[in-house]
Each structure stands twice: as structure tokens, then as C-alpha cells.
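The values are calculated or read from the model by the stated rules, or taken from the named source; none is laboratory data. Bear in mind the structure is a predicted one, so any value in this text is a computation, not a measurement. Positions of Cβ are backbone-derived with ideal geometry, glycine not excepted, and every protein chain shown enters the neighbour counts.
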Amino acid sequence: MSIAAATQVAPWIWVPITIGAAFAQTLRNAAQRSLIQSLGTLGATLVRFLYGLPFTCAWAAVVLVWTGSGWPGGNLLAFAAWLTLGSITQIAGTALLLKVMAQRSFAVGIVYSNTELVQVAVFGLLFLGDPLTLVTVGAILCATVGVVLVSMRAEAGGLRGIAAGFGDGAALLGLASGCAYGLAAVGFRGAALSLDGVPLPVAAALALVGAQALQTVVLGSWLLARNPQVVAGSFAAWRVSLTAGLMGATASAGWFTAMAMEPVARVRTLGAIEILFALALSRRLFKERLTPPILAGIVLIGVGVVLISTR
């Protein structure tokens, strides 16, 4: 059975694909965070694309052989434009996320970046015409309130705690990261949808390879010109970089495939389960305590995940 046929038989297949992508993304973020001290924010961002590109090329080759698809048609100019939008904004989102992690913590960085849940719904509606059902809106609202509670500063409490959580420099960087990731998600879905004549998983695979190639060239060239020691350092730290690349490629393959199957808002709302993975990992590695607001936020995020996956 081909990937396209499997999608028709099991239209819910995007749900486990998205959950797997969120888990792989959490592992990738953890690997990248460990590289910030030695490579800096941009160096840790580069390894995601540089070391992920071989894996994404292999994945695209498997998908092409499996489906027997030829080269797609469609508006290649539109494909390039959407791909450029997604690629550049994803570089920005990754760099900003790692900056927040360096200033605050692993879990807080993930939480702030997930403010894209609201932003991506608006972008998807405005740019792609993705519809928002009442259930989808309810799921987005639940997950968003959960994100706010998880981000609240416990030492202040109440509205002051919420304001403190979103009012410092790290919060602004996190919000900007969420905005960039939201634009990236829309750009990548737009790129996949602009290709005609091939199954959606194939379009997603080709978009992913194109994006990671562009990102490697753009960011790699910038660092080679401005700070070549960082690029050399990424090769010295090849073991951790390879882990980041593999997990990044796995996550991206999942995101691209899911977003080619379903509207961006639904995929990214279900992807909020990444917060749960991040909190578990952060607590285990960094011994962070789960306060009552955080626990309440986790419950609301869980409600949003259930709603979005069972509409």
C-alpha cells in the first residue's frame, strides 16, 4: 500500500505522525541547547540544518521510490517563494528559541515558542484560507490558556505572575520565536500545496529537502564569512550535532507530512504535546518543579490536544 493510499484508508494517520514529530523535536532542542555554550546560538542553529540535510535527502528518496512518483508540476515560482518564506523564518525561530533557553530554561523556551498556536491559526486563515471550525477554535483557546499558565512566574502569582512571565526580555524573544515558527509552518504548507501531480507526502518531502538545503547554504555561508570557527566547531562536536540533525530531520519529516495532510492550525495545536515532553525532560534533567499553575496549564493543553485530534 502506498503512502497516499494509506492516508485515504486512515485519515487520522496525521495524529501519530504529529506526536512523533513533537517528541523528536524535543530531543533535537535538547541536543541543540547543549551546543549553545560551545557554538553560540547561530552555530547551534546551523547543526539542525547541516547535519539534518543528509537524512532528509534519504527520506525523500525513500518516499519517491515507494510512491513511484515523478517530478511534480505546479507553480515552481510560488513553490520557491513559499519555501524561502518558510526557510528564513524557521532559521529565525530556531535562533530565538535557543536564545530564550540560554536566558531562562529549556521548558520555558518551549512554552514561549508555542504561542504560535494562536498566531499560526491567523496566518493559515489569512494566507492559505484554512478554515477554523468551532472545535478547532476551542482547542486553540484551551491550549493557549494552558501555555499562559505554564509560563506564569510563580514568585509573583495571579495576573502579576502572568504579566511578569510575558513582560521580560526572554518572553518577547519567545513570542517572536512563536511568530517566526508560525510563518514557517504556513510557508512550508504553502510550498507543499503549490506542487501538482504528486501525493502530498512526496510534495512535503521535496519541500523539506529544498528548505534544509537553502537553510544550510544561507546560514552556513553567513557563519563562514563572519565566524568560521563556529562551523569548524560544529564538526568537532559531530556526535551531538549528528543527534540534533537526525532528530531534526525526523521531526521536520513528520511536520511537513502532517501539514501537507491537514490545516496548519490543527497540526500545530496537536503539536502542543511537545510542551508535555519538554516539561518531563526538563524536570528529569534540570530538576524543575511543577507548580500548580503549570499543572493546570498541562491539563488545558491536554484538553486542546484531545479536541483537535477527535473533532
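In table form, for the structure just shown:
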item: Where a residue in segment 86-107 is in contact (Cβ under 8 Å) with a residue 40 or more places away in the chain and its partner, wherever it lies, is surrounded by fewer than 20 Cβ atoms within 10 Å (Cβ to Cβ) and basic (Lys, Arg), with Cβ under 7 Å and at least six apart; result: 98/33; 101/33; 106/33
item: Check on residue 300, crowded, with 17+ Cβ neighbours inside 10 Å, touching a Cys at 6+ places or on another chain (Cβ under 8 Å), at pLDDT 80 or above and part of a helix (DSSP H, G or I); result: yes
item: Any chance residue 276 is assigned to a helix (DSSP H, G or I) and in contact with a helix residue (DSSP H, G or I) (Cβ under 7 Å, 6 or more places away or on another chain); result: yes
item: Residue 125 modelled with pLDDT of 75 or more and within 21 Å of residue 183 (Cβ to Cβ); result: yes
item: Condition met for residue 49 (farther than 20 Å from residue 245 by Cβ, in contact (Cβ under 8 Å) with a residue 12 or more places away in the chain and either within 12 Å of the chain's Cα centre (by Cα) or buried (at least 19 other Cβ atoms within 10 Å of the Cβ) (or both)); result: no
item: Residue that is farthest from residue 92 (Cα to Cα) [pool: residues in segment 145-174 that are at pLDDT 80 or above and surrounded by fewer than 24 Cβ atoms within 10 Å (Cβ to Cβ)]; result: 145
item: Filter pass, residue 64 being touching a Gly at 6+ places or on another chain (Cβ under 6 Å), of a type in the set (A, V, I, L, M) and either outside any helix (DSSP H, G or I) or over 19 Å from residue 251 (Cβ atoms) (or both); result: no
item: Subset tally (residues that are part of a helix (DSSP H, G or I), among the charged types (D, E, K, R) and modelled with pLDDT under 80) for segment 94-116; result: 1
item: Test for residue 213: is it at pLDDT 80 or above and surrounded by fewer than 17 Cβ atoms within 10 Å (Cβ to Cβ); result: yes
item: Selection count where residues are under 19 Å from residue 101 (Cβ atoms), more than 17 Å from the chain's Cα centre (by Cα), of a type outside the set (S, T, N, Q) and part of a helix (DSSP H, G or I), scope segment 6-41; result: 3
